Amino acid sequence: MAILVGPQTRVIVHGITGTAGSFHADHCLAYGTQIVGGVTPGKGGSSWEGKTSGKSAPVFDTAFDAVQQTGANCSLVFVPPPFAADSILEAVDAGVELVVCITEGIPVNDMLKVRRVLDSQTRTRLIGPNCPGIITPGSAKIGIMPGHIHRPGHIGVVSKSGTLTYEAVHQLTSLGLGQSTAIGIGGDPVNGTDFVDVLKMFNDDPDTHGVILIGEIGGNAEVVAADYIKNHFRKPVAGFIAGATAPPGRRMGHAGAVISGGKGTAAEKQAALIDAGVKIAPTPSDMGTTLQSLL
Amino acid sequence: MNIHEYQGKQILARYGIPVPKGIPAFHAAEAAAAASTLVAETGSEVVVVTAQIHAGGRGKAGGVKVVKGAEAAEAAAAKLLGATLVTPQTGPKGKVVNRLYIEQGLQIARELYVAMLVDREERRVVFMASTEGGMEIETVAAETPEKILKQWIDPATGLMPYQARRIGFGLGLSGKTLQEFVAFATKLYAMFIAEDCALVEVNPFLITKEGSVFALDAKINFEENAAFRHPEWDALRDPDEENPVETEAKHAGLSYVALDGNIGCLVNGAGLAMSTMDIIKHFGGEPANFLDVGGGATKEQVTQAFKIITKDPAVRGIFVNIFGGIMKCDTIAAGVIAATREVGLQVPLVVRLEGTNVELGRTMLKESGLAITAASDMKDGAQKIVELAGKGA
């Protein structure tokens, strides 16, 4: 099992002919992901070739054509910020079940519109933007994470941060603990999938036995997650919140990572998670061992 | 990105929002001339001289002077220019005043608070207002939250007149003032969207004795991600308000925030960079900066990052913490070696590499002959750098 993605996932890549899109589509294919096509307006009818994977995929002018002709059920978006919201909505319109948007730097006003459309329908889920994507080790890597650090297993990982996700996964793998699915939900203030959405799915997934949740300063998604864990979550959770030493009012890399008006501090999030029974890793080097201690 | 009050008011005025007449001034003589012009235009002797710094709380800190006539305006301006203002938002060091805004004085009947901002929890722009004009909204929110009125705006419809009316009636407005308030709110939302704002705060929002509305202050914060569609923002930046090293880092494609400690950090990824600061502090050290070289940094960017870190005279040690995913460890190693050869290495350097091509990267560092301390993991690296650089700032 695992959640959201697996061998059944058929992916089209928006921006497959761009530098980042091409590089990562190739590495996803090499990992074994079914990349069934790409979308680049104006390059429809051509064929894209992956150097590392040695595989190719047809390029379409529109997401609609791509989905019609390949039966894709997932979109992976790499297009630059000015055009990213358009690509996400094009994928929603084309009817895929899952859109994974890697792009960092989408204006928040664009995301407010995207969010409005997402909230008005139930077919399509968005992961990201500004995230590493999602991986079900051994079957589907849909994003930019290094595939080789993962192992198939039973720990779910959900995180706002890319490299901290790799850190957690690497620690788990070193301890002999594989992962069911690892998801980066991204560090933007307005996003698609949130902690609670992912936790609900992990809760229902018999293959997931425990979860590492990685948050950071800014917003209150971790506090909402803590409330859900306290009342509904049945599996052990280890947590870490980045930015305990971040100064208030400063944006720390991620657009959403800012303490504003004294709200969204690491201390307040940790307190909520501890109250919900989550064990907080004392340092980011201890995320794996903290989870292990709960099994 | 923040802009000055007078710049904010100029934008408000472009959208037809009533603001007091005003003229920016950079010298005392300009302030006198501006005051004369305003007195002639308005027929009133009263002018307000306001310090232009990117911080609220200027009134209480002595940055706002109400005076009569050009001579008094010049004297007030001479005192304010070059002075350092310390407000709750400037930090203890305060900010030096280099610009002033000279404005007509208005007869105040009521002061209200009005703001629009992105509400991340509701995933909407929220229009909020309060009868407690002039007060810090955080204080009002903490002490009397019922005095804050809110309406969330659907991006598909924009702010609807009924929403503005609900807030207006809630503030106790009526008649002509209410109509002016609804028009004001509609224009403010149009501006918020078209100018890609993250926050617009009008505090105080003024009702005159004649019942007319005016934006008496304007704090505008733009959404940095939308900079690509606003080339005009560059002209609004005030270099005096920005940390020059942070600006340099930004141009190099690096995300850098200066801090007060003594351990420089070079990390890939925002979350890992934040937690690197955290783990340094956990072992008793003080980070000198947040620095994210990004997911796909080049050798040149790593070199740039090194130069930026070593510019800070407080730095007594450097911790490079990389989890190479897309970024290969040998690329990082090459960057670190090139940078240390170019910039020189005056302080201890601890490097932790993990991920793609890690063995190659570690071998390159070892064989470089440079005095680099290798760390097996993040914890080991943090402990080593704190030991080498010394605890505390």
Does anyone have the angle between helix A:266-275 and the longest principal axis of chain A? Alpha-carbon axes, 0 to 90°, nearest 10?
-> 70 degrees
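How much accessible area is lost when chains A and B come together, counting both sides, with a 1.4 Å probe, in Å² rounded to the nearest 100?
Looking at A and B, the buried total is near 4100 Å².
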Given B:V64, A:L29, B:Y101, which one lies farthest toward the positive end of the charge dipole of the protein assembly as shown, if we put +1 on the Cβ of every Lys and Arg and -1 on the Cβ of every Asp and Glu?
-> A:L29
Give me the log10 of I(q) over I(0) for the protein assembly as shown at q = 0.05, 0.08 Å⁻¹, as the Debye formula computes it from C-alpha points; what are the numbers?
-> -0.26, -0.67
What base-10 log of the normalised intensity I(q)/I(0) is obtained for chain A from the Debye formula, alpha carbons as equal point scatterers, at q = 0.07, 0.09, 0.13, 0.17 Å⁻¹?
-> -0.24, -0.40, -0.85, -1.37
Only loop residues by DSSP count here, and only those with at most 15 other Cβ atoms within 10 Å; note down the trypsin sites (Lys or Arg not before Pro) in segment A:91-200 that meet that.
-> A:R123
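What is the antiparallel percent of DSSP beta bridges lying wholly in segment A:10-127, to the nearest 5?
About 15 percent, rounded to the nearest 5.
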Expressed in angstrom and ordered largest first, the alpha-carbon extents of segment B:244-392 along the principal axes are 34, 33, 28
Rounded to the nearest 20 Debye, what is the dipole magnitude of segment B:21-104 about its Cα centre when Lys and Arg each give +1 and Asp and Glu each give -1 at the C-beta?
-> 460 debye
Go through B:K79/B:K187; A:K269/B:K299; B:K328/B:K366; B:K9/B:K150; A:K263/B:K219 and tell me which ones have a Cα-Cα distance over 26 Å in this structure.
-> B:K79/B:K187; A:K269/B:K299
0 to 90° range, to nearest 10: angle between helix B:378-389 axis and chain B longest Cα axis | 90 degrees
Provide the net charge surrounding B:V200, with neighbours chosen by a C-beta distance below 14 Å and charges set as Lys +1, Arg +1, Asp -1, Glu -1.
-> -3
Considering only the protein assembly as shown, percent of DSSP beta bridges that pair antiparallel, nearest 5 = 50 percent
Once phi is turned into ³J(HN,Hα) by the Karplus curve 6.51 cos²θ - 1.76 cosθ + 1.60 with θ = phi - 60°, what whole-Hz value does each residue of segment B:143-150 show in order, with x for glycine and proline?
-> 8, 9, x, 5, 7, 9, 9, 9
Helix A:81-94 sits off the longest principal axis of the Cα atoms of chain A, rounded to the nearest 10 on a 0 to 90 degree scale, by 80 degrees
Each residue of segment A:189-201 in order: what ³J(HN,Hα) in whole Hz does its phi give by Karplus 6.51 cos²θ - 1.76 cosθ + 1.60, θ = phi - 60°, with x for Gly and Pro?
-> x, 10, 10, x, 8, 10, 3, 5, 4, 6, 4, 4, 5
Accessible surface of B:R123 - all protein chains present, 1.4 Å probe, nearest 10 Å² | 50 Å²
Per residue, how much accessible area does segment B:1-156 have with a 1.4 Å probe, in Å²?
-> 45 Å²
What is the mean projected area of the alpha carbon convex hull for chain B, to one decimal in square nanometres?
-> 22.0 nm²
Surface share of carbon and sulfur [accessible, 1.4 angstrom probe, percent] for segment A:10-127 | 50 percent
Could you list which residues have their amide H under 5 Å from that of A:H14, counting only those 5 or more apart in sequence or on another chain, with H placed in the peptide plane?
-> A:V39, A:L76, A:V77, A:F78
Take every residue in peptide A:236-244, count the Cβ atoms of other chains within 10 Å of its Cβ, and give the average of those counts.
-> 4
Go through B:I332, B:V358, B:F306 and say which Cα lies farthest out towards the positive end of the charge dipole of segment B:239-393; charges sit on Cβ, +1 for Lys and Arg, -1 for Asp and Glu.
-> B:V358
Shielding by partners - mean other protein chain Cβ count within 10 Å, residues of A:156-163 | 5
Counting only DSSP beta bridges with both partners in chain B, the antiparallel fraction in percent, to the nearest 5, comes to 75 percent
In order over segment A:244-261: 3J(HN,Hα) from phi, Karplus 6.51/-1.76/1.60, θ = phi - 60°, whole Hz, x for each Gly or Pro, gives 4, 9, 6, x, x, x, 9, 7, 9, x, 5, 4, x, 8, 8, 8, 10, x
Which log10 I(q)/I(0) values, to two decimals, does segment B:15-145 give at q = 0.09, 0.22, 0.23 Å⁻¹ under the Debye formula with one point per Cα?
-> -0.33, -1.24, -1.28
Apportionment of accessible area to carbon and sulfur, segment A:145-292, percent (1.4 Å) = 53 percent
Using a Förster distance of 30 Å, the FRET efficiency for B:T37-B:R229 (Cβ separation, nearest 0.05) | 0.30
Would you mind getting me the FRET efficiency between A:K263 and A:S174? Use the beta-carbon distance for r and R0 = 35 Å, nearest 0.05.
-> 0.45
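The values are calculated or read from the model by the stated rules, or taken from the named source; none is laboratory data. None of the values given here were measured: they were computed from a predicted structure. Ideal geometry is used to build each Cβ from the backbone, glycine not excepted, and the neighbour counts take in all protein chains shown. When the accessible area is computed, the model is the full protein with side chains, heavy atoms only, and any ligands, DNA or RNA have been set aside. Shrake-Rupley method; radii C 1.70, N 1.55, O 1.52, S 1.80 Å.
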